[in-house]
Amino acid sequence: MAEKPISGSYPQTRLRRPRRQRWSRRLMRETRLSVDDLIWPLFVCPGEQRQEPVASMPGVNRQSIDFLVEAVGEAVSLKIPAVALFPATPPELKTSECNEAVNPNNLVCQAVRAVKRAHGAKIGIICDVALDPYSSHGQDGLVRDDYVVNDETVEMLCRQAVVQAEAGCDVIAPSDMMDGRVGAIRAALDLAGFQGVQIMAYAAKYASAFYGPFRDAVGSAGNLGSGDKKTYQMDPANADEALREVALDIAEGADSVMVKPGLPYLDIVARVKQTFGVPTFAYQVSGEYAMLSAAAANGWLDRDAAILESLLALKRAGASGVLTYFARDAAKLLGSV
Ligand code: PBG
C-alpha cells in the first residue's frame, strides 16, 4: 500500500508556518551568499589617469593601470578575494598572428605587475588565456583557411600563460575552448617553474549572445564583425556535452572549472557540481549585467534586490563563487565592511 505523502497532511503541515517571522526565515535558509563568493572582472586600457565608460555596461569603465590599482585597492578593503583582469589592447597592436599576446610587457602583464606591487598577496589575480584581445580578426585562436586551428593555437596559449605567470598572475583562466589546452598549459607552467599557479578552466563555455557588451569593452566586437565562435564554443542546446568538457579539463589538471554564461545556464552549473564535486565557478557575463542594469535604470527592477537574488540563485544551483561585474556593489550590499 502506498504511503500517504506528507504534503497530504494539511492542515497539520503548513509550509508557510516557518516563513512567518524573519528570525525563522533566517534559520531555515539553505543557501548563503557572502563576499567570499565574489570575483570582480576589471578592464584595463593604456595610458594614465584614463577612465573610459563602456556604453553597453553602465557603471563599468576601461581604466588605465593607475586607476586599476586603486580599484583593486577598493576590492581589497571590501574583502573581495580575487579580481580578473582583461586588457583593451590598442587596435594597432592587434595582428592576425596575435604576437602581442606573448609579449611579456603587454598591457595585462604590466597591469598584473602593478597590482602585485601595490597589493601583494592581499588579493588573487586571475588572467584570461585566449587570443581574442590581440587578434585582428577577433577570434580566440589562430586562423588558417578560414578555420580557427586548434593545436597551433594551443602552442600560443602556453606561451601566453607563461608570460602572465612570470608577471605574477595567480590563476590562469583559459577561456578559448581549444581542445587539450588545459593539459598543455599545465605542462608549460610546470616546466617554467610555476607549479603553484592555478588553472581555472572555462570548461563549459557556450557560444552565447550574452558576451556582446564584453566585446565592446575590450574592442573586439568590430574585429569579429559578422564572425562567430561556434566552431569552438559550445552549442547552447547541449548539456551532456558540458559534462564531457568538464571531465576532460579536470583530467588535464584544472584546479577549478567554470560555467559561462551564468543565469541562463543554471542547469549546467547544477549538473557539473553534482557530477564532479569540484570547485565550480559561474560567470555572470556582460550581457547579464547589461540586462539587469538596463531594467534597473528604467525603474523596472529593484537593482540591489535583483543583484543579490541573481547571485544567490547561482550559488543555490551549486556555484562555489561567481565572476560578476556587480562584485563591488554586492560586497557593499552584503556589508562586508
Ligand atoms: C574571451 C572572453 C570572453 C568573455 C570572457 N573571456 C568573450 C568571448 O569569448 O567572446 C566574455 C565575458 C563577458 O561577456 O562578460 N575569450
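The values are calculated or read from the model by the stated rules, or taken from the named source; none is laboratory data. Because the structure is a prediction, the values reported are computed rather than measured. We place every Cβ from the backbone using ideal geometry, glycine too, and count neighbours over all the protein chains shown. Accessible surface areas use protein heavy atoms only, side chains included; no ligands, DNA or RNA. Shrake-Rupley method; radii C 1.70, N 1.55, O 1.52, S 1.80 Å.
What do you reckon, is D216 modelled with pLDDT under 95 and open to solvent by 60 Å² or more (accessible area, probe 1.4 Å)? First the steps, then the outcome.
Details: modelled with pLDDT under 95: yes; open to solvent by 60 Å² or more (accessible area, probe 1.4 Å): yes.
So D216 fits the description; yes.
Can you tell me how many residues in segment 55-71 are among the hydroxyl-bearing types (S, T, Y) and open to solvent by less than 30 Å² (accessible area, probe 1.4 Å)? Even if it seems obvious, please write down each step before you answer.
Taking segment 55-71 first, the residues among the hydroxyl-bearing types (S, T, Y) are 56, 64.
Next cut, open to solvent by less than 30 Å² (accessible area, probe 1.4 Å) only: 64.
Going through segment 55-71 one residue at a time, the tally reaches 1.
Has segment 43-50 got at least one residue that is touching an Asp or Glu at 6+ places or on another chain (Cβ under 8 Å), surrounded by 14 or more Cβ atoms within 10 Å (Cβ to Cβ) and either modelled with pLDDT of 95 or more or of a type in the set (F, W, Y) (or both)?
So in segment 43-50, the residues touching an Asp or Glu at 6+ places or on another chain (Cβ under 8 Å) come out as 45, 48-49.
Cutting the leftovers down to surrounded by 14 or more Cβ atoms within 10 Å (Cβ to Cβ) gives us 45.
Cutting the leftovers down to either modelled with pLDDT of 95 or more or of a type in the set (F, W, Y) (or both) gives us 45.
Yes, because at least one residue in segment 43-50 is touching an Asp or Glu at 6+ places or on another chain (Cβ under 8 Å), surrounded by 14 or more Cβ atoms within 10 Å (Cβ to Cβ) and either modelled with pLDDT of 95 or more or of a type in the set (F, W, Y) (or both).
Yes/no per residue for (1) within 16 Å of the ligand (Cβ to nearest atom); (2) crowded, with 23+ Cβ neighbours inside 10 Å; (3) assigned to a loop (DSSP other than H, G, I, E, B):
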| position | (1), (2), (3) |
| --- | --- |
| P104 | no, no, yes |
| A111 | yes, yes, no |
| R117 | no, no, no |
| A121 | no, no, no |
| C127 | yes, yes, no |
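So, M200, is that one on the phi > 0 side of the Ramachandran plot, among the hydrophobic types (A, V, I, L, M, F, W, C), open to solvent by less than 30 Å² (accessible area, probe 1.4 Å) and within 20 Å of the chain's Cα centre (by Cα) or not? Lay out the reasoning, then the answer.
Values: on the phi > 0 side of the Ramachandran plot: no; among the hydrophobic types (A, V, I, L, M, F, W, C): yes; open to solvent by less than 30 Å² (accessible area, probe 1.4 Å): yes; within 20 Å of the chain's Cα centre (by Cα): yes.
No, not satisfied.
Can K205 be described as buried (at least 18 other Cβ atoms within 10 Å of the Cβ) and closer than 26 Å to A167 by Cβ?
Numbers: buried (at least 18 other Cβ atoms within 10 Å of the Cβ): yes; closer than 26 Å to A167 by Cβ: yes.
So K205 fits the description; yes.
Every residue, every condition in (1) surrounded by 22 or more Cβ atoms within 10 Å (Cβ to Cβ); (2) touching a residue at least 40 places away in the same chain (Cβ under 8 Å), yes or no:
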site	(1), (2)
P133	yes, yes
D146	no, no
E155	no, no
D170	no, yes
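Listed here are the residues, each with its yes/no results for (1) touching a residue at least 24 places away in the same chain (Cβ under 8 Å); (2) over 19 Å from the mean Cα position of the chain (by Cα); (3) over 30 Å from V149 (Cα atoms).
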site	(1), (2), (3)
V54	yes, no, yes
V60	yes, no, yes
F67	no, yes, yes
I80	yes, no, yes
A84	yes, no, no
A88	yes, no, no
P91	yes, yes, no
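Consider R32 against the criteria (1) assigned to a loop (DSSP other than H, G, I, E, B); (2) closer than 30 Å to V143 by Cβ: it satisfies all of them except one. Which criterion is unmet?
If we test R32 against (1) assigned to a loop (DSSP other than H, G, I, E, B); (2) closer than 30 Å to V143 by Cβ, just (2) comes out false.
Please list, ordered by residue number, the helices (runs of 4 or more DSSP H) wholly in segment 145-233 having 3 or more residues that are within 16 Å of the ligand (Cβ to nearest atom) and closer than 19 Å to L323 by Cα. Full working, then the answer.
Numbers: elements: 151-167, 181-191, 212-217, 221-224.
Passing ranges, in order: 212-217.
Give, as residue ranges, the strands (runs of 3 or more DSSP E) completely inside segment 255-337 that count at least 1 residues that are away from the ligand (no atom under 16 Å from the Cβ) and open to solvent by less than 60 Å² (accessible area, probe 1.4 Å).
Values: elements: 256-260, 280-284, 321-324.
Hits in segment 255-337: 280-284.
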